[in-house]
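Asker: Take a look at the following structure, please.
The values are calculated or read from the model by the stated rules, or taken from the named source; none is laboratory data. Note that the structure is a prediction, hence the values are computed from the model and not measured. Every residue, glycine as well, gets a Cβ built from its backbone with ideal geometry; the counts of neighbours run over all protein chains shown. Quick note on the areas: whole protein, heavy atoms, side chains included, nothing else; ligands and nucleic acids left out. Shrake-Rupley method; radii C 1.70, N 1.55, O 1.52, S 1.80 Å.
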Amino acid sequence: MGIIKSMVRVGQKPPKEAIKEAKRAARKPINYTKDAPRSTPEVLAEFAALRATQRKKNIRPVVALRIQTEVLEKYKSLGRGYTGIMADVLELAADNPEILSKVSGVIAR
């Protein structure tokens, strides 16, 4: 079994030979010693360092905000993940001088 590489664009189907090869590979059992050999301590240390860097990038501080009840209910009506949506809206607003200029007491940059 070899690796088949092909470019697939949005809305395009993968080539038939790639689909057939994927189906054949899915039926074969995984041989962990051959298909996924043990990583060396150096490789594991590299992965750990990479993961630590990714975690630092993704850390978001927790803040408390006082907002109107109606505004909170609108966000909560969006369902699960509404706090992430709130964070995204705040980020977009902070990057948009036009929105900032409409807020009282804020000088647009």
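Asker: Excluding ligands, DNA and RNA, what is the solvent-accessible area per residue of the stretch 36-109 at a probe of 1.4 Å, expressed in Å²?
Answerer: Details: 7030 Å² over 74 residues.
Per residue, the stretch 36-109 has an accessible area of 95 Å².
Asker: Give me the lysines in straight-line cross-link reach of Lys28: C-alpha distance below 24 Å, same-chain residues under 8 apart excluded.
Answerer: Lys28 reaches Lys5, Lys13, Lys16, Lys20.
Asker: Counting only protein heavy atoms and a 1.4 Å probe, tell me what percentage of the stretch 1-56's accessible area is made up of carbon and sulfur.
Answerer: Details: 3370 of 5670 Å².
Looking at the stretch 1-56 in its full context, I get 59 percent from C and S.
Asker: Please compute the contact order of the chain in relative form: average sequence separation of alpha-carbon pairs under 8 Å and at least six residues apart, divided by the residue count, as a percent. Provide the component values of the computation, followed by the final result.
Answerer: Values: 25 pairs, mean separation 9.5, N = 109.
Relative contact order, the chain: 9 percent.
Asker: State to the nearest 20 debye the size of the charge dipole of the chain about its Cα centre, where the only charges are +1 on K and R beta carbons and -1 on D and E beta carbons.
Answerer: Charge dipole of the chain: 700 debye, to the nearest 20.
Asker: For the chain, build the charge dipole from Cβ charges (+1 Lys, Arg; -1 Asp, Glu) around the Cα centre, then report which of Ile99, Ala64, Ala49 sits farthest towards its positive end.
Answerer: Working it through, the farthest residue towards the positive pole turns out to be Ala49.
Asker: For the chain, what does -39500 (n - 2.57) per DSSP helix run (n ≥ 4), summed and divided by total residues, give at 222 nm, in deg cm²/dmol to the nearest 500? Present the calculation step by step, with values, prior to reporting the outcome.
Answerer: Values: 6 runs with 61 residues, N = 109.
After summing the helix terms and dividing by the residues of the chain, the value is -16500 deg cm²/dmol.
Asker: Compute, for Glu42, the solvent-accessible surface of its heavy atoms (probe 1.4 Å) with the complete set of protein chains present, and express it in square angstrom to the nearest 10.
Answerer: It works out to around 130 Å².
Asker: For the chain, return all DSSP H helices satisfying: extent of Cα atoms along own axis at least 15 Å; mean Kyte-Doolittle hydropathy at least -1.0.
Answerer: Working: long enough: 16-27 (17 Å, -1.33); 41-58 (26 Å, -0.63); 82-94 (18 Å, 1.09).
Correct list, ordered by number: 41-58, 82-94.
Asker: On to the next question. On alpha-carbon atoms, Rg over Rh for the stretch 21-78 using Kirkwood Rh? Numbers along the way, then the final one.
Answerer: Details: Rg = 22.8 Å, Rh = 16.9 Å.
Ratio value, two decimals: 1.35.
Asker: Please report, to two decimal places, log10 I(q)/I(0) for the chain at q = 0.14, 0.20, 0.22, 0.23 Å⁻¹ as given by the Debye formula with identical point scatterers on the Cα atoms and no solvent.
Answerer: -0.92, -1.13, -1.21, -1.25
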